[in-house]
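Derivation of every value follows stated rules applied to the coordinates shown; laboratory data play no part. These figures come from a predicted structure and were not determined experimentally. Cβ sites come from the backbone with ideal geometry, for glycine too, and all protein chains shown count toward neighbours.
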Amino acid sequence: RKEVEQDPGPFNVPEGATVAFNCTYSNSASQSFFWYRQDCRKEPKLLMSVYSSGNEDGRFTAQLNRASQYISLLIRDSKLSDSATYLCVVRPLTGGGNKLTFGTGTQLKVEL
Amino acid sequence: DAGITQSPRHKVTETGTPVTLRCHQTENHRYMYWYRQDPGHGLRLIHYSYGVKDTDKGEVSDGYSVSRSKTEDFLLTLESATSSQTSVYFCAISQGTSGDEQYFGPGTRLTVT
């Protein structure tokens, strides 16, 4: 079983739609959680950290469910510019060097 | 902008040759990382550094070595390049005391023929 699993998609949605991605992680001791976005042939960029109480940044909402070991990302009012691959990222509590474990990503395509 | 540059940005090399990739940062961050990204895999950690001359292995370190003689530079060397090392290589840094969030350089696209 992969440490971090994501539905690869693609998710094809019309502009203005709401879309949600889920991600599951296997290490129950995981401590920190993030969503990154990666555009085609570019580097990953931090979208948002995910906090235990859930957090929102504009049109983006992230949730963490420790009991079920999953993280979600909700995008409201999708824009064409949201088209990208979204990476779920987890840091286990143990282990030095602040090492992160990355999912393979969920591809989003927002269409007119 | 985390002030990270990578060089070269693209390279084609032959099997068996040594290759060195450079990551340079301008903001004096303690932690630096090298990842590779391949289709069907998430980013995988090759090596990381937690200070000058302090490095450790990641999950896919075989065939790679690193050096960090200055805070700002982290070098990744493929000792004898193989076709399986054809990949996109990303350098990253951690900001802040906890170092949780990582910021990536633009990547190096390496092809080994």
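The table below lists the values:
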item: HN-Hα J in Hz across the stretch B:47-62 - Karplus 6.51, -1.76, 1.60, θ = phi - 60°, x for Gly and Pro; result: 8, 9, 9, 10, x, 4, 6, 10, 9, 8, 7, x, 7, 10, 8, 4
item: Dipole magnitude of chain A, debye to nearest 20 (Cβ charges: Lys/Arg +1, Asp/Glu -1, about Cα centre); result: 320 debye
item: Total formal charge among the other residues, if their Cβ is under 15 angstrom from that of A:VAL89, Lys/Arg +1 and Asp/Glu -1; result: 0
item: Relative compactness, the stretch B:25-113, computed as alpha-carbon Rg over 2.2 N^0.38 Å; result: 1.05
item: Distance from the stretch B:65-113 to the stretch A:7-30 (C-alpha centre basis), Å; result: 28 Å
item: In order through the stretch A:35-43: 3J(HN,Hα) via Karplus (6.51 cos²θ - 1.76 cosθ + 1.60), integer Hz, x for Gly, Pro; result: 10, 10, 10, 9, 7, 4, 6, 10, 7
item: Members of A:LYS45/B:LYS11; A:LYS2/A:LYS99; A:LYS45/B:LYS70; A:LYS42/A:LYS109; A:LYS42/B:LYS11 lying beyond 19 Å, as alpha-carbon distances in this model show; result: A:LYS45/B:LYS11; A:LYS45/B:LYS70
item: The protein assembly as shown: Cα Rg divided by the 2.2 N^0.38 Å rule of thumb; result: 1.03
item: Cut-off under 5 Å, modelled amide H: who pairs with A:MET48 long-range; result: A:TRP35
item: Cα shape, chain A, gyration tensor, a/c 1.5 rule; result: prolate
item: Positive-pole candidate from A:THR61, A:THR104, A:TYR51, dipole of the stretch A:37-112, charges at beta carbon; result: A:THR104
item: Assigned charges on the beta-carbon of Lys, Arg, Asp, Glu; chain B dipole about Cα centre (debye); result: 240 debye
item: Shielding by partners, peptide A:42-50 (average Cβ within 10 angstrom, other chains); result: 4
item: Amide proton proximity set for B:THR111, modelled H, under 5 Å, gap of 5+; result: B:LYS11, B:VAL12, B:THR13
item: Residues A:PHE60, B:PHE74, sorted so that the one with the fewest Cβ neighbours within 10 Å comes first; result: A:PHE60, B:PHE74
item: Ranked list, fewest to most other Cβ atoms within 10 Å of each Cβ, for B:TRP34, A:TRP35; result: A:TRP35, B:TRP34
